[in-house]
Each structure stands twice: as C-alpha cells, then as structure tokens.
C-alpha cells in the first residue's frame, strides 16, 4: 500500500473537487441577441441547459478531466511512496561501521561508508509515519574503536538524517562489541529484565517482543521490541554470547525492523596489501647498524609481488620487492569463500645506527584501501645504558665485549674496594656487572653476576664443591638473553659452581657436570673416574619487584676460547640490554590508531597544542603540571605536540591485520546465531508523486485539446 509523506495535503480533495463541480453548474450571464433562427446555435442552447441551477449531472468529459487533474495535483502534494516499514512502535538501533576498512573504494568508486550512509538515509525515509507519537523510532551509532551515539531514539527524520551525515570515517579498528552494548543501552532492550510479581516473586522477562503471562505482564504493557541494523562490511570478530543474547533474533526476509539485520557493503574478495607490523633492532652481527623489520599482509587468493620503499625524513633510503603469499585457506563455499587466514611475509632493511627522524615505509600497491599502505615512525637517538663493571683485577675480554656495544652502552670500571660508588659523584647506573665478586647487598635495579652468587637473595645457593667439565644439555631458545645464540652445546667449560635454585629463580642454560666431594679430588684419577654426573644450572635469572638479577655459574676465562667467539659479546649484549631495559633500547616511536599519546616534559607547562595530520590544531588536556595526554588519534599520519617551547612529533598507524583483511563477509555471528548478509544496498522506496504530476499534465493537455475542438471547431 502506498504511504504519504505529507498526508495532510489530501484534505484539499474535500475542498477543491466540490468547488470545481460547483463552478461548473453556475449560470453564466450572457448578453441577449435577436437571431432569425436557433438552428445554428444548438451548442449555445446546450450550454444554457448545463448552467441551469437544478438539473441532473450529465456526462461531460471536460468536467471529468478537470476533476482528475485536480485530484492528481493534490495527491502529488501529499508525496506518496511505497516502501517496507517497521511495525507500529518498533525501535531500532542503526549501527554504522565507520572503521578503516569502510574506507575501501569498490567498483563504483565510492567508499563503503559513503554507500552505507546512503543506505541509512533510505532506511530513515522508510520509517512508518502514522502521526505524531505513533511512528517508529531509530537511534544512530557510529561504530569505530570508540563508538559514538550520534542520536538517541527519535522519530524525527531530519534529526536522524543530520546524525547520519555527521558520521566520519575513522582509521581505527571496529569496536562492534561496545557499539552493540551502547545500542542495547540506548534502546533499553534487555532479555533478562527483572520483573516483580504481585506476590514479590522475581522472574525473568523472555525474549524481546514476547509477552509471557508467567512474568505478570499486563496486556497493555508488552515488553519493548527492538532490533539492531548493522551497516558494515562485516570485518569484525564474532559478537560474544553475553552481548548477543540481549539482542533480538535475525530479521525475517523482507522485514526492515524485525530482529537483527546485517546489510553488507563491499566486494566479497579482497586484493588488499598492507603493512601490519613494524619494529627495529640492532644488527646481531655487526653492532653498528640497525635493522628495520616490516611485515606485509596479503588478503587475496594469489601471490603478490609488491615494491616496499623506506624513506627517512623524506629522503629515499632503500627499496625491495617482496613476495607475499596468498591467504592460507578459504571456506568450503568455492571461489567466493572467506579467507580463514591472510598470508604474510617479512622483509628487513638496514639503517645506519645514527639514523634519526621520521621513518616511512611505503607500499606501491594500487589496491582499493590506501590507509594501510604507509607506516610511519619516529626514530630518536636512545640514551645509552650506563653500566658499572666491578672486578678485582678488571677483565680485558669482558671490557672488549662491552666496547662492541658502545653505541648503546657506556660503562665505568671499579674494584671491589671502590664499591659502592660515592653518591656525591652524581653518577647513576642502570646495571651493575659483578665479575668474580659479590657485594653484601644486591643493588636495586639490574645486576649481572659472573662467576659470583648474590649473598642476600633467597632461592639461590651453591654447593661447596664445584662441578668439572660441565656440558650444556639444554637452553631456552626463545628467551631474550639467548637471541641469535646457537651451538651453545659446543661450549667447552672447564669447571663451574654448582647452583641450587628455588623460589622465583629460572634456569636459562642447563648443564651436567662431574661432582667431586672435594676440589682436591680432581687430581685423583680413580675418584675422577668414579665421580657421578649431577645437574648443574649454568645461567639463571630472577625477576623481583625492584631487582632484576642474572647469575652465570662459571668464570668466562675457564672456557676454551669462548671469549674469542662472536657468541660471547652477543651474550653480554643480550643480558645487559634485557636486564637494564626490558622494553628494548631501540624502539620505534609510533602509536596505533585509537591509542592515547602521553608525554612528560622536564619543566612545568601551562598549555599545549596538537597539530593533526589534516593541519587542524587542538588543545589536549594536561596531566598535572608537566604531563600531556591526547586520545583523538583516529587518523593515520604525523601529529605535532607543542608545549613549553618544544615540539615533539609522533606517528600514528593502522597496523591492524584484521582491519586490513577487508573482504566483505557473507554473514556475521551473534553468539550462537548466524545473521546472513542482505544485499549491499538497502531497498529503496519508490516515490510516486512525480508520476501523479506527469499524469495531471497529460490530462490537462487532453482537456485543453478537447476544449479547443469544441469551442473552436
């Protein structure tokens, strides 16, 4: 049945049509003329009869055409249309996905968000219009990482249209869980609303839209029936049951307002290539270079080759062509199946150790989503680790190993007699290396004991007799201190302390050695042959609340040329870096979209300004007298924070594997329920008023033609 956007205009039918008919019966005043005969004036006589005040309505085509023209014009003013509409009084939440993947440009050239907003406007126009207070209600929610309720429940279409127009693309992931929880709160839908019976007994309300006599609901107060309409490409995880069970079920075919509905936008196949991870580290072989690690993702079904370029402060540094494998597997529904896991490949670039400034990694993809083709980061020269080496007589090889890491670590040397250092000297150390010496009290912070045992820490002690010729039997390959170390089982150790560990101590390198009751027994061949082999941990660590401690059970000089191998300075570097700065000494400074940027200044500040990638300036809130935090990082690019005469750049990237896998989904999962996708475009209503105007014009032309034939002959 057609509906009318301006139904009040139909009242003109009651006024205009009778007026036309009345005018048709009015007697015309004509001048009298004497003629010889009325034979040639029959038409004039006929008009006189028509204008007689009381007579039967005779068949007159002109009158009929005039009435039809007036009727059609009035109907056009009432703006009739045909559309599917909600049942009376329905409530729905219109959830519009505005995350990064909705910026994909598909075949028609428009973004998915632009298509979704057009569809949202059509859905708003399809709201039932039954009079003030009786129409359907919608609320509008923009679903990015931080969803925003743009409009509460209302039947005001102008307000709803303005809310949809205000939806802006965000370069973040999709916070659909939070968006649906917000929709539940705004619409007031709860499946488990507690109701009080007359006798005080509490019962649970059943599924929304169902009236159950057992909960004591009166016939005039049925539970609110509401729905959620999701406009998205479906590139978000399944909705957990704790949220899904509070929503109504899937919509029936052809029903806009019944249950939860998913309208899909975008193509079901993806050709997107994206940078999904970025990191930096030292060159494990040379110590003088930095290595930039980049991970690239392919969401398509075919292997792709993509040029990857690196720029520093806008200047070209390096370029490589990377082969990225296709998505690993697809669902069983043929060529249109959804990728189960996207393919990824890594590439490594070399950077000079003194590299500093804005780093950019650019992919030359030409695909439909460009927000993930560039990743940016700020490289700042790190403050070197300050270390103190405490050794009775110094150690040439240990000092040379520390010198290999001179870009990241500076150290002083002291004898046990000069420990602890004089606090008046003003030097603060991040890590202490105790070689063949253990102080009475382990200092707060990081400590590395070489051939020494902490005296005051629980959980570690040593047997009175050492073990001889210990062999490495196992080590934690994935531990940060073991990074790039191989063939440790070939390490030849002459003797070591026999550590006994308990509590929070963790063995990193484990071994077995010959145990002798007395160190003098090593010269007794018979006792040496009969000596049992016992477990002998060679390297262990303890992570306490204020102390990070590592202990090496043997003297580095009691080995066969280990200090001459590359693995020795690598081992020293790994241990000192991990103990002193577990977060890494060389870290790219960047944020993911949606994360909060915090900065502390050495002096008091009274105001701060952030310049966004678009060039606009904002005033972020202050944290105390020296801190600033900024959370509006929903666009990728470089931001500039200015405060206290200092400008600090920081970079924001998408770096989301899930968001870059932008193939439109065939369905979404609400808990245990699967909601199939509708067509990419919402069903558009057809306005009929234009056809009424055209018909009125045709009838008017016909009436004019007929009148001219009668009057003019």
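The values are calculated or read from the model by the stated rules, or taken from the named source; none is laboratory data. Please read these numbers as outputs of a predicted model, since none were measured by experiment. Here the Cβ is made from the backbone with ideal geometry for all residues, glycine too, and neighbour counts use every protein chain on show.
Odds and ends about this structure:
- Within region 104-129, the set of residues being assigned to a loop (DSSP other than H, G, I, E, B) and farther than 20 Å from residue 154 by Cβ comprises 104, 106, 107, 108, 109, 110.
- The residues in region 583-595 that are more than 22 Å from residue 374 (Cβ to Cβ) and without any contact (Cβ under 8 Å) to a residue 60 or more places away in the chain can be counted, and the count is 1.
- Filter result for residue 405 (in a loop (DSSP other than H, G, I, E, B) and within 30 Å of residue 110 (Cα to Cα)): no
- In region 623-641, the residue that is farthest from residue 314 (Cα to Cα) out of those that are in contact with a strand residue (DSSP E or B) (Cβ under 6 Å, 6 or more places away or on another chain) and buried (at least 17 other Cβ atoms within 10 Å of the Cβ) is 628.
- Conditions (1) within 23 Å of residue 426 (Cβ to Cβ); (2) touching a helix residue (DSSP H, G or I) at 6+ places or on another chain (Cβ under 9 Å); (3) free of Cβ contacts under 8 Å to residues at least 12 places away in the same chain: number failed by residue 383: (2)
- Pair list, Cβ < 9 Å and 6+ apart or interchain, from region 141-168 residues that are in the same structural domain as residue 633 (by TED's automatic domain parsing) to residues that are crowded, with 16+ Cβ neighbours inside 10 Å: none
- Residues of region 98-114 classified as under 12 Å from residue 167 (Cα atoms) and surrounded by fewer than 24 Cβ atoms within 10 Å (Cβ to Cβ), total: 1
- Pairs where the first residue, in region 452-474, is on the phi > 0 side of the Ramachandran plot and the second is assigned to a loop (DSSP other than H, G, I, E, B), C-beta under 7 Å, 6+ apart: 459/502; 459/503; 459/504; 459/505; 469/494
- Criterion (farther than 30 Å from residue 617 by Cβ and surrounded by fewer than 19 Cβ atoms within 10 Å (Cβ to Cβ)) met by exactly one of 661, 666: 666
- Under the condition of being assigned to a helix (DSSP H, G or I), in contact with a strand residue (DSSP E or B) (Cβ under 7 Å, 6 or more places away or on another chain) and under 15 Å from residue 119 (Cα atoms), the residues counted in region 157-182 number 3.
- Sole residue being at pLDDT 95 or above, in the same structural domain as residue 409 (by TED's automatic domain parsing) and crowded, with 17+ Cβ neighbours inside 10 Å, chosen from 531, 551, 536: 551
- Residue check, residue 576 in contact with a strand residue (DSSP E or B) (Cβ under 9 Å, 6 or more places away or on another chain) and farther than 30 Å from residue 640 by Cβ: yes
- Of all residues in region 382-392, those satisfying the criterion of being touching a strand residue (DSSP E or B) at 6+ places or on another chain (Cβ under 9 Å) and surrounded by fewer than 17 Cβ atoms within 10 Å (Cβ to Cβ) are 384, 386, 392.
- Subset of region 447-464 (residues that are part of a loop (DSSP other than H, G, I, E, B), closer than 30 Å to residue 528 by Cβ and touching a strand residue (DSSP E or B) at 6+ places or on another chain (Cβ under 7 Å)): 451, 452, 453, 463
One line per residue, one yes/no per condition, for (1) assigned to a helix (DSSP H, G or I); (2) within 22 Å of residue 464 (Cβ to Cβ):
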residue: 529; (1), (2): yes, yes
residue: 537; (1), (2): no, yes
residue: 540; (1), (2): no, yes
residue: 554; (1), (2): no, yes
residue: 574; (1), (2): yes, no
residue: 577; (1), (2): yes, no
residue: 584; (1), (2): no, no
residue: 587; (1), (2): no, no
residue: 590; (1), (2): no, no
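- Region 425-436, residues that are in a loop (DSSP other than H, G, I, E, B) and either modelled with pLDDT of 95 or more or crowded, with 17+ Cβ neighbours inside 10 Å (or both): 429, 430, 436
- Across region 624-674, the number of residues qualifying as outside any loop (DSSP other than H, G, I, E, B), modelled with pLDDT of 90 or more and touching a helix residue (DSSP H, G or I) at 6+ places or on another chain (Cβ under 6 Å) comes to 1.
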